[in-house]
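Worksheet for the structure shown next.
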């Protein structure tokens, strides 16, 4: 459990290819009569972008689902997405109780903070130790993925709102949404720091899920949109043996 000291860093670079069209919606309003109701998220150049936070969330959910399989019982731990009251849980960590418990100690503020951090870490599941939770910083960062092409031709598709009661289309509920065509390529940059052995294995699982095209991002995934694949993968390992050379501090 290291947060205040650099021990190691793993960098994964590559390309994300859209195997299926993508729709990552942007909340945009406008008066343009030809604008679709739901445009895709774009960067300052007007090019599509995949938020790193969106992909990270999908990956976390997928890893949690895998580790919930009985085959991993007793070997790996993962949060329950919903508790018995239907609320999201995060390893059942009560930060208030932990802080109150340590506030009674007569140690220095530094030792108390260290003790609190250790208790939070010890109570966290394997997934939270990598992806973070409400009391624990994530060891994994995924940068926003920018489109690497020079031009792009967006496509438009139509959708119809469904009445939940009748199961039929709602009258006047037709809408249009914008999609990024299949074949679009984005840059990929992931950083993981100070990983322990089990966290390194989970990182390998994350990379495998991306390389095997098991992940879909954005909206309309139930319609078959959003499938992506990691290609041209390059891994860079920085540790105590090569850190001086890597940063030019020899």
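So how do 203, 190 line up by other beta-carbon neighbours within 10 Å, fewest first?
Working: 203 19, 190 24.
By the 10 Å Cβ count, ascending, the order reads 203, 190.
In whole Å, how far is the Cα centre of the stretch 205-250 from that of the stretch 120-144? Result: 17 Å between the Cα centres. Enumerate the residues in the stretch 176-201 having an amide nitrogen under 12 Å from the point lying 7 Å beyond the Cα of residue 236 toward its Cβ. 189-192, by backbone N distance to the label point. Here the spin labels are modelled as points 7 Å beyond Cα on the Cα-Cβ line, and at residue 156 and residue 71 they lie 4.7 nm apart. Footprinting exposure proxy ranking of 151, 123, fewest other C-beta atoms within 10 angstrom first, gives 151, 123. For the pair residue 5 and residue 223, the difference between a 0.36 nm per residue extended length and the Cα-Cα distance amounts to 74.0 nm.
None of the figures in this text is laboratory data; all of them are computed from the coordinates on show. Computed from a prediction, not measured in an experiment: that's the story for all the values here. Methodologically, a virtual Cβ is constructed for each residue, glycine included, from the backbone with ideal geometry; neighbour enumeration extends over all protein chains shown.
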